[in-house]
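Engineer: First the structure, then my questions, so here it is.
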Amino acid sequence: MTNHWIDLKNTDCALIMGSNAAENHPISFKWLTEARDKRGAKIINVDPRFTRTSARSDIYAPLRSGTDIAFMGGMFKYILENKLYHEEYVKYYTNATFLVKDSFDFEDGLFSGYDPNKRSYDTNKWAFETTEDGQYVKDMTMEHPRCVLQLLKKHYERYDIDTVCKITGTPKNKYLQVIKTYAATGDPAKTGTILYAMGTTQHTVGTENVRSFAMLQLLLGNIGRAGGGVNALRGESNVQGSTDWALLFHILPGYLATPEAQKHPTLAAYNQKETPKTGYWVNKPKFLASMLKSYWIKDDPEKSYYYLPKRIDGKNYSHIAMFEAMYNKEIEGLIIWGSNPIVGGPNANKEQAALANLKWMVAVDLWQTETSEFWSYKALDRATDKDEYKIKKPKDIQTEVFFLPACNSYEKAGSVSNSGRWMQYRWQACNPVGESRADLEIAHELTLKIKELYQGSSKPQDEPITHLYWDYGHGAHPDLDKIAQEINGFEVINGKPGAQVANFTKLKDDGTTACGNWIYSGCYPAVTGKPEDYLARRRDNRDVPYEGTKPIGSYLNWSWCWPINRRIIYNRCSATPEGKPWVEDLASIFWNGEKWVGNDIPDFGATKAPSDPGGTDAFIMRPEGVGCIYSKCNEGPFPEHYEPWESPVANILNSQSFNPVVVEWEPDKRGTPDKYPIIGTTYRVSEHWQSGVMTRMQPWLAELMPDVFVEMSEELAKEKGIRNGDNVIIMSTRGDIKAVACVTKRFKPHNVHGKHVHQIGVLWHFGFNGYATGDPANRLTPHIGDGNTMIPEYKAWLCDVRRA
Amino acid sequence: MANLTNLYDVSKCTACRGCQVACKDWNQLPAVIEPFRGNYQTHEDTNADTYTIIKFIEHEDDPAEDVTWNFIKYQCMHCLDPACMKVCPQGAISQTNWGAVIKDYDKCIGCQYCTYACPFEIPKYRKRDDIVTKCTLCYDRVEEGLTPACARTCPTGALQFGDRDELLERAQDRVKFLRANGFPNATIYGKLELGGLNKLYVLTDTPDKFDLPVNPKVPGQITFWQNWVQPYFGWLIPLALAGSAVSFVTTRILAGKHGEHAEGGHE
Ligand code: SF4
């Protein structure tokens, strides 16, 4: 989230799109309800079916899964043509005024610079116009035909209301109601927030979907302001934390790119290629050097950089790629930690077959999961005898499986980082059951054992292990405070930790500071011996406003939030270019004549005046200092509508059959509408959690949602002779599953290009273990990912359904 | 003492069912896992181990408009004038001085008269213990200064707990707000029904749209029983206890409009 949960109460309008917030993030509705009661806020929900969120919204508009960009594109067009954007904000805080080089072009769904063989672009073709001394050329009137605002207008000319509704299936009156209601937040006195989740991201165009939200928010002046923002609702209590900590293959902790072997052979080469010339990222070398020091305290960063594993240049190591590699026997062993891919992974049948190709697997979880028992008879049971991946009998599977029982969050202490980036410490409530242990303890003991095995080695190739700095106290329970201190960072004197650094502004690139993750630097700024030295432990629930202002729900002394306890990022935008709050009642930060003050930590130079050079460069992380309406995603600078990989209809906006930059892993598994005419999607419910491991084992939760069900319209049910509560079989090219039919008025066929297109939705929480069991819906979903992140396209694929 | 009650505002409820689980947790009730039947609702009705349920009701008055999906928390209404208490031959049901209608399971003999008397068909027979159970308004928590488990857990503020008069005022304001904001039929339930309930509802539509009896009534036979038979014919009770034909006949007569009831009793 750019903002945070409590801030939802400050909004005038919430657009919930690609998220079922009421069901999957119940607490969001505490604050949205408050916004509605106290500010008269409107809640809009756009979703293929009518959900519990829709039931609590003021406006509900359906859309066909996978058509978000068309929906957004129509909004852009309407807002631009009717001049509903926040003009001053757009002018000063975005790149709308920038001129683009004339090498930029667009035709039939493709931008200039496309290489069909590589399925990628030469993004230099989309560069900004610069002067000889490297300054961006701008047109402050935003009338130049090659300025971003005009190019934006031109790009979305084709997205008129009728065309959009033909694609999305949204009734025209509903669509207009959504646009008008949300566009009203372009008024400088109003703000609107966008709440999204996996309904937005799990598409071949997932990144561009999110981009389009960012663009809309920039146009309407809603970023950096209380009650605004682009707010990703994280589906798990610590998704934010795990992403910050390099859960993904392409980043190191703190969003530093992982090094590639050829491109970044040395630290100097890395720094040279990865450090921009302007913007706050000019400090990147300090962050990386300090991270290296926290791993290998005695070595110079130049040297310890060699210890870091490198990627093979350009190679993809994301979820789908890894399972494809296992399937092709390129990977021998797997540690699967708190993850249950044969329920949660796409094309789960194939992923199960991939596991069977491993020599060994270590599963770490609270219970025996479907994945840890992927070799069992029940794991090999299928709804029909269609067997796409030749799953064998248990006796044919040679994978040696180890299971390490982990304890749950109540049985251990530590912090989680919520969607609003708040790092909140949790105290241990009870002792772990049986032999189960905290994840951290498992990692700790594993590392100590590995170090023991290498002890005494003088081989240079063993140095990454023999030199590894691992000083978290004695015994099996690592000292959480020592870890947090290292995350915060400290000075390094003669290869030993010195005083704590205050925050990341004090980090150095010469090996004299160590810091585990720069964005968390500041969470443990001094060691005085008090528990609250670790700021994540703070629990002051008073919302004290800055003198002369009203409180905005910042709660600055409750826990701690990255970066530097800043609750709303890009908050320079909460003030006018001259430094006054856009709305007095919701003053975030403002210029008092000497410095920036207010109800949040300024995301800006504390004493940089609005009239100083760069005094309106609100987006300090960006080299250009402004928000990107025009940007460089792999697909192009503006999101363009592409149909999902499997779609029942052709694209009427361009002739590309799907996102031109995605990698196709299994072309032969692409379902076609003649055999599979129905759109399938997967989702969650309040009552279960992710792959269900933690909830299906709980009788009270199993009672609430006992079976896997598939929601479908009355019209489709009638066509297929299915009654409510019947058992049905759902089929895709990847496999078949059984589910119970939930025939409902809440799902309607979409009216697409004048014909009825059916969509169904299946819960993906289920597997064969626990009190509530059922087939994993992911046996149906495809191995195809987004063009930037490779997140699987779980939300739009083709299937058919029949009575069981 | 003033009445303490729950105010449940359907317009804020997201049907997350945290309250349903909190209730089971506090009362240590086992899960009653029934297969999914095509509705999110866990059970058609409350049962002896499920004191509260959220009902899910779909309506579509005008196909051109959105469907409405109503959620409603259903449980004992803690009537200010509880018919169940009057019919109980054992005096197992009582009312606290703040309005909770509670049962003493040591006294309950499982005769199920209360189940016939209840206008909301709430009390349910639990065969394994031969008792009839229902929501207690968490009197054991409230008397220790806590709020009921359901209200304590509700994330959205749909369920509140407090002084009945104050909550009634809040409910009236809320209804006004809702009527002015797209719900012309918004109404309060529990203020006047049956002389007042110690559970108040803010509804976005008329009670029938929430499966609530529009004009709940205590069955006529019950009034007859409680006002005439019970005071003068107390001698019927030992007979009933003996499991005689009299008990059987009375039970059937009282069953009245309610139709089938749980089998068993005091055999
Ligand atoms: S806990 Fe509150 S929001 Fe959730 S179902 Fe119960 S009353 Fe509704």
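Engineer: Can you list, bin by bin at 20 Å, the percent of alpha carbon pairs in chain A, starting at 0?
Structural biologist: Percent of Cα pairs in each bin: 15, 49, 34, 3.
Engineer: Would you mind pulling out the separation of the Cα centroids of segment A:135-194 and segment A:73-87, in Å?
Structural biologist: Spelled out, the Cα-based centre of one part sits 3 Å from the other.
Engineer: Which net charge results for the neighbourhood of residue A:637, defined as the other residues with beta-carbon distances under 15 angstrom from its beta-carbon, given Lys and Arg at +1 and Asp and Glu at -1?
Structural biologist: Working: positive: A:101, A:125, A:146, A:153, A:154, A:211, A:622, A:632; negative: A:102, A:105, A:107, A:122, A:129, A:208, A:624, A:635, A:640.
Charge balance in the 15 Å sphere: -1.
Engineer: Ranked highest first by the average count of other Cβ atoms within 10 Å around their residues, in what order do A:679-686, A:214-221, A:542-549 fall? Can you show the working numbers first?
Structural biologist: Numbers: A:679-686: 23.6, A:214-221: 25.6, A:542-549: 12.9.
Listed from highest to lowest mean packing, they are A:214-221, A:679-686, A:542-549.
Engineer: Hey, another quick one. Starting at 0 and stepping by 5 Å, how many percent of the alpha carbon pairs of segment A:6-232 end up in each bin?
Structural biologist: The calculated distribution, bin by bin, is 1, 7, 13, 18, 19, 16, 12, 7, 5, 2, 0, 0.
Engineer: May I ask you to derive the relative contact order of chain A, considering only C-alpha pairs under 8 Å and at least 6 residues apart, and to give it as an integer percent? Present the calculation step by step, with values, prior to reporting the outcome.
Structural biologist: Working: 1830 pairs, mean separation 132.4, N = 804.
After rounding, I find 16 percent.
Engineer: List, in the order given, every pair from A:359/A:459; B:134/B:199; A:166/A:718; A:9/B:12; A:125/A:153 whose Cα-Cα distance in the structure shown is over 18 Å.
Structural biologist: With Cα atoms farther than 18 Å apart: A:359/A:459; A:166/A:718; A:125/A:153.
Engineer: Would you mind giving the mean number of other chain beta-carbons within 10 Å of the Cβ of each residue in B:174-182, as a whole number?
Structural biologist: Mean inter-chain Cβ contacts per residue within 10 Å come to 1.
Engineer: Please report, to two decimal places, log10 I(q)/I(0) for segment B:119-190 at q = 0.11, 0.18, 0.21 Å⁻¹ as given by the Debye formula with identical point scatterers on the Cα atoms and no solvent.
Structural biologist: These q points yield log10 I(q)/I(0) values of -0.44, -0.94, -1.06.
Engineer: Could you tell me which helices of chain A pass both thresholds, a Cα extent of 15 Å or more along their own axis and a mean Kyte-Doolittle hydropathy of at least 0.0, with helices taken as whole DSSP H runs? Walk me through the numbers on the way to the answer.
Structural biologist: Details: long enough: A:28-39 (16 Å, -1.48); A:68-81 (20 Å, 0.79); A:172-183 (16 Å, -0.64); A:206-219 (20 Å, 0.37); A:284-295 (17 Å, -0.18); A:439-454 (23 Å, -0.06).
The qualifying helices are A:68-81, A:206-219.
Engineer: Right, another one. Taking Cα pairs under 8 Å and at least six residues apart, what relative contact order does segment A:447-525 come out at, in percent?
Structural biologist: 25
Engineer: Could you give the dipole magnitude of the protein assembly as shown about its Cα centre, charging the beta-carbon of Lys and Arg +1 and that of Asp and Glu -1, in debye to the nearest 20?
Structural biologist: 660
Engineer: Another question about this same structure. Between segment A:652-729 and segment A:241-299, how far is it from one alpha carbon centroid to the other, in angstrom?
Structural biologist: Segment A:652-729 and segment A:241-299 have Cα centres spaced 39 Å from each other.
Engineer: Let me ask something else about it. First measure r as the distance between the Cβ atoms of residue A:496 and residue A:399, then evaluate 1/(1 + (r/R0)^6) with R0 = 41 Å and state the FRET efficiency to the nearest 0.05.
Structural biologist: Computed FRET efficiency for residue A:496 and residue A:399: 0.40.
Engineer: Just checking the output field for A:23-34: average partner chain Cβ neighbours within 10 Å of each residue's Cβ?
Structural biologist: That average works out to 4.
Engineer: Where Rh is the Kirkwood radius over the Cα pairs of segment A:277-321, the temperature 37 °C and the viscosity 0.692 mPa s, what D in µm²/s does Stokes-Einstein return?
Structural biologist: 262
Engineer: If you don't mind, another one. Quick one: dipole size for segment A:667-803, taken about the Cα centre, charges +1 on Lys/Arg Cβ and -1 on Asp/Glu Cβ, in debye to the nearest 20.
Structural biologist: Magnitude of the dipole: close to 240 debye.
Engineer: Now a separate question. In Å, what Rg and Dmax follow from the Cα atoms of segment A:91-195?
Structural biologist: 17.4, 51
Engineer: Along the charge dipole of segment A:385-431, which of A:419, A:394, A:407 sits closest to the positive end, that is, farthest toward it, with unit charges on the beta carbon of Lys, Arg, Asp and Glu (+1, +1, -1, -1)?
Structural biologist: Value: A:419.
Engineer: Calculate, for residue B:90 and residue B:192, the FRET efficiency according to 1/(1 + (r/R0)^6) with r their C-beta to C-beta distance and R0 25 Å; round to the nearest 0.05.
Structural biologist: With R0 = 25 Å, the Cβ-Cβ based efficiency is 0.25.
Engineer: Hey, another quick one. Which residue, chosen from A:691, A:656, A:474, occupies the Cα position most advanced towards the positive end of the dipole of the protein assembly as shown, where the dipole is computed from +1 (Lys, Arg) and -1 (Asp, Glu) charges on Cβ about the Cα centre?
Structural biologist: Comparing the listed Cα positions along the dipole, A:691 ranks first.
Engineer: I need to check one value: relative contact order of segment A:667-803, counting alpha carbon pairs closer than 8 Å and at least 6 residues apart, in percent.
Structural biologist: On the way: 314 pairs, mean separation 50.4, N = 137.
Across segment A:667-803, relative contact order equals 37 percent.
Engineer: Name the residue from A:338, A:249, A:356 whose Cα lies farthest towards the positive end of the charge dipole of segment A:236-377, charges +1 on Cβ of Lys and Arg and -1 on Cβ of Asp and Glu.
Structural biologist: The residue sitting most towards the positive pole is A:249.
Engineer: Here are some pairs, A:138/A:263; A:273/A:412; A:315/A:395; A:284/A:632; which of them have Cα atoms lying more than 30 Å apart in this structure?
Structural biologist: From A:138/A:263; A:273/A:412; A:315/A:395; A:284/A:632, over 30 Å: A:138/A:263; A:273/A:412; A:315/A:395.
Engineer: What distance in nm lies between label points placed 7 Å from Cα along the C-beta direction at residue A:261 and residue A:317?
Structural biologist: 1.2
Engineer: At R0 = 25 Å, how high is the FRET efficiency between residue A:585 and residue A:88 if r is their beta carbon distance? Nearest 0.05 is fine.
Structural biologist: Step by step, r from the Cβ atoms, then E = 0.85.
Engineer: Moving on to the next point. Pick out, in residue order, every one of the chymotrypsin sites (Phe, Trp or Tyr not before Pro) in segment A:294-366 that is DSSP loop and has at most 14 other C-beta atoms within 10 Å; say none if there are none.
Structural biologist: A:317
Engineer: What's the magnitude of the charge dipole for segment A:380-445 around its Cα centre, counting Lys and Arg as +1 and Asp and Glu as -1 at the beta-carbon? Answer in Debye, nearest 20.
Structural biologist: 200
Engineer: What is the distance, in nm, between label points placed 7 Å from the Cα along the Cα-to-Cβ direction at residue A:528 and at residue A:804?
Structural biologist: 6.3
Laboratory data are not the source of any read-out in this text; all were calculated from the coordinates shown. Owing to the predicted nature of the structure, the values given are computational and were not obtained by experimental measurement. We place every Cβ from the backbone using ideal geometry, glycine too, and count neighbours over all the protein chains shown.
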